[in-house]
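Asks: Sharing a structure with you now.
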Amino acid sequence: MPEYDFDLFTIGGGSGGVAASRRAGGYGARVALCEDQAVGGTCVHRGCVPKKLLVYGAHFRAEFEDAVGHGWSVAEPGFDWKKLQAGKDRELERLDGVYRRLLHESGVRLIEGRGRVVDAHTVEVNGQRYTARYILVATGSHPFLPQLPGIEHVITSDGALRLPELPRRVAIVGGGYIGVEFAGIFNALGSRVTMFLRGGTVLRGFDDDVRAVLAEEMRKKGIGLRTESLLRGIEKQADGTLSVLTGLETLEVDTVLFATGRVPNTKGLGLEEVGVELNERGAVKVDEGSRTRVESIYAVGDVTDRINLTPVAIAEGRAVAETLFHDNPTRMDHTGVASAVFSQPPVGTVGCTEREARGKFGAVDVYVSSFRPMKHVLSGRDERVMLKVIVARESDRVLGIHMVGADAPEIIQGLAVALKCGVTKKQLDATVGIHPTVAEEFVTLRVKRPDPEAERVGDLGRDAAGA
């Protein structure tokens, strides 16, 4: 008789859990996976996929407007929010079936219910206990809501994807990627959007030029940005509208969306009781191989709070399966991971920000280009593209590549390969561009931006000479 019921028991049916389970099953391991919601997890049902479908739907307003300058006669378009939502929901239902089929074809047993770790080799689901040689925690994360008067009246990104009606006036609290993405969606579909930011601009942690350019483009589109704002509370009025209260103003809206970050789903899993260590945010602590302090328990994806991106969770999960069930010790490389923000306009980025590059490498050369794309010469739209390349001065190696503008995620994906391979500025310069495209600007950048550190040293020298 086998020592355990399964070789691998995965808690969580999101991207990382499904990827690890399918690969382990493909290598002949006996695998079970438990999930208490739709299979596919946050990305498929409450994140990337439904959000991107709404982004696509929102883009058409600008396309209709731009078509006129290119010779098209366009009747006044109408929009049906319910129809867009229904189409999105049909796709999510289809994907749930796809994920279930993929697990079945890989020999993975799906157990519907919430799992709890009982000991180093036992998981309990719906009162039934299962033993496994290895346990994988892949439970993801959920939206964070602060303690604030009236917080029960707000929605998170989960609720924004299920709104029965398109709100006329929306307040969004938080300027991270979720906040700016939904700001773009609602604004493009006709809602009046106001964002409340604790800091001075959007996208904390991104390159400063990216942040400044995106904020300016959002303002051009009519999105209100209330910076350095601290909310005192939310009040619901008799007619169902909401009052957003700050120290300086009261804003009346129909919907308040909080996009104030996400926290790992570790509560109630029994992890600390069996010796798994969590950090101050409740994330599972793991080593480079995604193993916890308990030798038989691993964790991948957002629950570890490393790089919280779907492709990263998938790569981490597959690395665990390769290591445990294919005699192929594998570590996910967390350097040079590209990412995108599907704002309007979108952002694509890979590698170091300018601030990070200067801190890690000292002397760097920075190349920046900002221009009106050819598409808008005839459309008349006041929208600019920004491209940026950061280079280590001594080695000529490219450290970071950033873009704000249409198709930025698609363009940066290809450049991410080059950066991963150690591309130099000289090699970019030697590459023949595809003309006329926006992307060709990345291989034609020649003029360096003045080095602020060099200017500062020069000013000091001039001051000393003058004294």
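The values are calculated or read from the model by the stated rules, or taken from the named source; none is laboratory data. On a predicted model such as this, the values are computed, not experimentally measured, just so you know. Please note: Cβ atoms are built from the backbone with ideal geometry, for glycine as well, and neighbour counts cover all protein chains shown. What goes into the accessible areas is simple: the full protein's heavy atoms, side chains included, and nothing from ligands, DNA or RNA. Shrake-Rupley method; radii C 1.70, N 1.55, O 1.52, S 1.80 Å.
Asks: For residue 112, what accessible area in Å² do you get when you roll a 1.4 Å probe over the heavy atoms of the protein chains, rounding to the nearest 10?
Replies: Only protein atoms counted, so the area is about 110 Å².
Asks: Rounded to whole Hz and in sequence order, give me ³J(HN,Hα) for segment 337-343 from the Karplus expression 6.51 cos²θ - 1.76 cosθ + 1.60, θ = phi - 60°, writing x for Gly and Pro.
Replies: Karplus values, whole Hz, x for Gly and Pro: 8, 7, 8, 9, 10, 8, 6.
Asks: Order the following by accessible area, largest value first: 48, 421, 352. Probe radius 1.4 Å; ligands, DNA and RNA are ignored.
Replies: Final ranking, largest accessible area leading: 421, 48, 352.
Asks: Same structure again: Looking at segment 345-448, what % of the alpha carbon pairs are farther apart than 25 Å?
Replies: So the pairs more than 25 Å apart make up 17 percent of the total in segment 345-448.
Asks: Counting only residues 5 or more places away or on other chains, whose amide H sits under 5 Å from the amide H of residue 176 once H atoms are built in the peptide plane?
Replies: Hits under the 5 Å cutoff: 203.
Asks: Say the dipole of segment 144-260 comes from +1 at the beta carbon of Lys and Arg and -1 at that of Asp and Glu; which of 259, 155, 240 then lies farthest toward its positive end?
Replies: The listed residue farthest towards the positive side: 240.
Asks: For segment 25-162, give the share of DSSP beta bridges that are antiparallel, in percent and rounded to the nearest 5; count only bridges with both residues there.
Replies: Percent antiparallel among DSSP bridges in segment 25-162 is about 60.
Asks: To continue, here is another question. Can you tell me the length gained on complete extension of the stretch residue 424 to residue 60, counting 0.36 nm per residue apart and subtracting the Cα distance?
Replies: Going from the current span to full extension adds 127.2 nm.
Asks: Would you please give the residues with an amide H less than 5 Å from that of residue 169, counting only those at least 5 places away or on a separate chain, with H modeled from the backbone geometry?
Replies: Residues meeting the criterion, in which the H sits 1.01 Å from N, are 192, 254, 255.
Asks: Out of all DSSP beta bridges in segment 144-260, what portion is antiparallel? Express it as a percent rounded to 5.
Replies: Just about 40 percent of them are antiparallel.
Asks: If you don't mind, there's one more thing I want to ask. Carbon and sulfur together cover what percent of the accessible area of segment 345-448 at a 1.4 Å probe radius?
Replies: 56
Asks: Over all distinct alpha-carbon pairs, what is the Kirkwood Rh of segment 267-336 in angstrom?
Replies: Result for segment 267-336, one decimal place: 12.5 Å.
Asks: Something else: Enumerate the amide H contacts of residue 260 below 5 Å, restricted to partners 5 or more residues apart or on another chain; note that Pro and chain-start residues carry no placed amide H.
Replies: The list, which skips near neighbours in sequence, is 144.
Asks: Check the straight Cα-Cα distances from residue 88 and name the lysines below 22 Å, setting aside those fewer than 8 residues away within the same chain.
Replies: 51, 52
Asks: Let me ask something else about it. For the pair residue 98/residue 148, report the inter-label distance in nm, with labels modelled 7 Å from Cα in the Cβ direction.
Replies: Taking the simple label geometry, residue 98 and residue 148 are separated by 3.5 nm.
Asks: A further question follows. Can you tell me the dipole magnitude for the chain around its Cα centre, using point charges on the Cβ only (Lys, Arg +1; Asp, Glu -1), in Debye to the nearest 20?
Replies: 380
Asks: Per residue, how much accessible surface does segment 363-420 expose to a 1.4 Å probe? Answer in Å², no decimals.
Replies: 44
Asks: Please report, to two decimal places, log10 I(q)/I(0) for segment 144-260 at q = 0.18, 0.20, 0.22 Å⁻¹ as given by the Debye formula with identical point scatterers on the Cα atoms and no solvent.
Replies: -0.88, -1.10, -1.33
Asks: Sorted by accessible area with a 1.4 angstrom probe, largest first, how do 332, 403 fall?
Replies: 332, 403
Asks: Using the scaling law 2.2 N^0.38 Å as the reference, what is the normalised Cα Rg of segment 1-159?
Replies: 1.41
Asks: Could you run the Karplus curve 6.51 cos²θ - 1.76 cosθ + 1.60 with θ = phi - 60° over segment 104-118 and give me ³J(HN,Hα) per residue in whole Hz, x for Gly and Pro?
Replies: 4, 5, 8, x, 8, 7, 8, 10, 8, x, 8, x, 9, 7, 9
Asks: Using each residue's phi in segment 71-83, evaluate 6.51 cos²θ - 1.76 cosθ + 1.60 at θ = phi - 60° and report the 3J(HN,Hα) Karplus result to the nearest Hz, with x for Gly and Pro.
Replies: x, 8, 9, 10, 5, 4, x, x, 10, 10, 4, 4, 5
Asks: Within the accessible area of segment 72-192, what % is carbon and sulfur when the probe is 1.4 Å and the other protein chains stay in place?
Replies: C and S fraction of accessible area: 51 percent.
Asks: Once the Cα atoms of helix 208-220 and of the chain are each reduced to a long axis, what angle between those two axes, in degrees from 0 to 90 to the nearest 10, is obtained?
Replies: 80
Asks: If you don't mind, another one. Counting only helical runs of four or more DSSP H residues, what would the 222 nm mean residue ellipticity of the chain come to if each run contributes -39,500 (n - 2.57) and the total is spread over all its residues?
Replies: -10500 deg cm²/dmol
Asks: Which value, in debye to the nearest 20, gives the size of the charge dipole of segment 306-426 about its Cα centre, when Lys and Arg are +1 and Asp and Glu are -1 at the Cβ?
Replies: 360
Asks: Roughly how many Å² is the accessible area per residue of segment 144-260, as a whole number, for a 1.4 Å probe?
Replies: 44
Asks: Thinking of segment 57-148 as a set of Cα atoms, what percent of all their pairs are more than 21 Å apart?
Replies: 65
Asks: Taking a point 7 angstrom from the Cα of residue 129 along the C-beta vector, which residues in segment 1-31 have backbone N less than 17 Å away?
Replies: Of the residues in segment 1-31, 3-6, 9 have backbone N under 17 Å from the label point off residue 129.
Asks: With Cα Rg over 2.2 N^0.38 Å in mind, check (1) 1.27; (2) 0.95; (3) 1.08 and report the label derived from this structure.
Replies: Matching entry in (1) 1.27; (2) 0.95; (3) 1.08: (3).
Asks: Mind putting a number on the dipole of segment 144-260 about its Cα centre? Charges go on the C-beta only, +1 for Lys and Arg and -1 for Asp and Glu, and I need it in Debye to the nearest 20.
Replies: The calculation lands at about 100 debye.
Asks: Place the peptides 2-9, 443-450 in order of packing, highest mean first, counting for every residue the other Cβ atoms within 10 Å and averaging per peptide.
Replies: With the highest mean Cβ count within 10 Å placed first, the list reads 2-9, 443-450.
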